[in-house]
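The values are calculated or read from the model by the stated rules, or taken from the named source; none is laboratory data. Bear in mind that the values here come from a model prediction, so they are computed numbers and not experimental data. Cβ atoms come from the backbone with ideal geometry, glycine included; neighbour counts cover every protein chain shown. Remember, those area values only see protein heavy atoms, side chains included, never the ligands or the DNA or RNA. Shrake-Rupley method; radii C 1.70, N 1.55, O 1.52, S 1.80 Å.
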Amino acid sequence: MSHAFSPGHHALDVDLRNVVPADADDVAHLLAELGYPCDLADASERVSAILANDRQALVLARRNGAVCGLVALDFMYYLPLGTTTCRVTALVVTTSAQGMGIGRHLLKEAERRARAGGAARIELTSGAQRTEAHAFYQACGYSGSSVRFVKALGSA
């Protein structure tokens, strides 16, 4: 999903744009900051997978030319409500850029894209240990709505 940005989306001297394959090194760095280290080849594969799927988006934030954050989105049909839901699958702001409003800016962009993509709601998950992130999400108007259970499937 490609969306143009209006001039109002460049507040805080932050530039938001869709990731391109050449951004794989920045994506690898940001995923490592989030606690999911991957090498350049893995990051390249992940960026390619997102770019090949028109139901996903990956937005990179730069401030003064330096990468400072990203948000990943996944649009899916949600059977219980009979509508599209947009899920934030990753949100990260570099440690050095935290507290500047970049995370809020990325979430606002995610919400804008969710609406433009026809989603009736936006959701995200956050590890139980990320209490600071939980406080941030609540301050941005998100509320706890369910408990998520996960089971690793391993190799078949």
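Structure above, values below:
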| read-out | value |
| --- | --- |
| Hits in region 116-156 (condition: open to solvent by 100 Å² or more (accessible area, probe 1.4 Å) and touching a strand residue (DSSP E or B) at 6+ places or on another chain (Cβ under 8 Å)) | Ser145 |
| Any hit, region 29-42, residues being modelled with pLDDT under 95 and touching a strand residue (DSSP E or B) at 6+ places or on another chain (Cβ under 7 Å) | yes |
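Conditions tested, residue by residue: (1) in contact with a helix residue (DSSP H, G or I) (Cβ under 6 Å, 6 or more places away or on another chain); (2) within 23 Å of His105 (Cα to Cα); (3) of a type in the set (Asp, Glu); (4) surrounded by 12 or more Cβ atoms within 10 Å (Cβ to Cβ).
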position: Tyr36; (1), (2), (3), (4): no, yes, no, yes
position: Leu40; (1), (2), (3), (4): yes, no, no, yes
position: Ser44; (1), (2), (3), (4): yes, no, no, yes
position: Ser48; (1), (2), (3), (4): no, no, no, yes
position: Asn53; (1), (2), (3), (4): no, no, no, yes
position: Leu58; (1), (2), (3), (4): yes, yes, no, yes
